[in-house]
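Colleague: Before anything else, here's the structure in question.
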Amino acid sequence: MANAFDIRMDLRNLADEDLQKAIEDQEDLIFRTPSVEHAIMPALREYRAERDRRLNEKIDAIVDEVVGDSEGMLAAGSDSERAPDPERESAALGEAPSTEINAYSSPIVNRVLTQKPVARPTTIAQGRSKRMRSTTDHYDPTSNLLACQTKHSRFKGPSIRNRMRKHPEFSATMAQFDENKAIIKRQALQLACPLLCADEVRKGNYNENDPEFLLRTQMKQVGVAADGQLYDFSRIKAYIRESNGKGQMLRSPVTGEQMSSEVHFTQPVKNRWGNIVTVGHGLSKLPNLEVKTWTPALNIYRPTVSQTC
């Protein structure tokens, strides 16, 4: 026990950079020489526990700061609505404060009003529970309980992510977050249908940084037109029907060159019972797909033959 206590005391004296370097060196040693894992792992656990403790303290400090700002704003709002104090008014007018107790005051009430303010919560759970407060607008004893209207007030301060950006300890986490966000945006733009993007441009809603825009322009089912471009299958079919209905020559929405009205798409194969046929086993199990070709139907006029008696 004395050795473990000494180790903890030494770890508390280490700087953050030295602590992280010691953890990385021990992990690298275990990776290169697995036979020493049983001897190094107890000390490595102590180092990791100290790193987690410091990280939790920093996160708690950030959360407490946000909760303190919200309570300060709420306290300022309550002070503006507080009833006037007779002693303050008498002091402002140069009169001596009254020591008499009227019929509407009592020592108990005075003791309650002069209590010290409640200390700020020290735990994260208590701090989060005080972010939302509810106050009733009115209450009628003769009405139903559902008639009590509740008004919620919530303080919206800086997010935890913005707080973390100010601390160098979270630089690696925030860099990874920004990289993942850029990758998701790039893939979403690659899978966007040109026709759906053109529709959003006509509506004036084109914004690549808006997640809702990226969701609206994604291809639900991929269709390959005769120009070799990828489109949303439903949207390219509507585009071809619209061009044929106007009697115009069908041109590619991307290149503007003439193209045919064939669209290739994939569809899962189903057996005679209506179940999807799969190929592979385990994690590599995928539905069996077949490529089909869609062409618009031609409305051929067929005169009806009237039967004569």
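FYI, it's all coordinate maths here, none of it is from the lab. The shown structure was predicted, so the numbers you read here are calculated from the model rather than taken from an experiment. As a convention, Cβ positions derive from the backbone with ideal geometry for all residues, glycine included, and neighbour counts pool all protein chains shown.
Colleague: Across the Cα atoms of the range 2-61, what radius of gyration and what greatest pairwise Cα-Cα distance (Dmax) are found, in Å?
Modeller: Gyration radius and largest Cα-Cα distance of the range 2-61: 12.3, 40 Å.
Colleague: Now for a different question. Taking the Cα-to-Cβ direction at Leu29 and at Leu289 and moving 7 Å from each Cα, how far apart do the two end points lie in nm?
Modeller: So the two model labels end up 5.1 nm from each other.
Colleague: Return the long-range amide H neighbours of Leu230 (sequence gap of 5 or more, or a different chain), with a cut-off of under 5 Å between placed amide H atoms.
Modeller: For Leu230, no residues qualify.
Colleague: Mind scanning Lys21/Lys58; Lys58/Lys185; Lys203/Lys237; Lys220/Lys246 and naming the pairs with a C-alpha gap bigger than 25 Å? Present the calculation step by step, with values, prior to reporting the outcome.
Modeller: Details: Lys21/Lys58 19 Å; Lys58/Lys185 31 Å; Lys203/Lys237 21 Å; Lys220/Lys246 27 Å.
From the list (Lys21/Lys58; Lys58/Lys185; Lys203/Lys237; Lys220/Lys246), the Cα-Cα distance tops 25 Å for Lys58/Lys185; Lys220/Lys246.
Colleague: Quick one: Karplus J couplings for the range 196-202, per residue in order, coefficients 6.51, -1.76, 1.60, θ = phi - 60°, nearest Hz, x for Gly and Pro?
Modeller: Couplings: 5, 5, 5, 4, 5, 5, 5 Hz.
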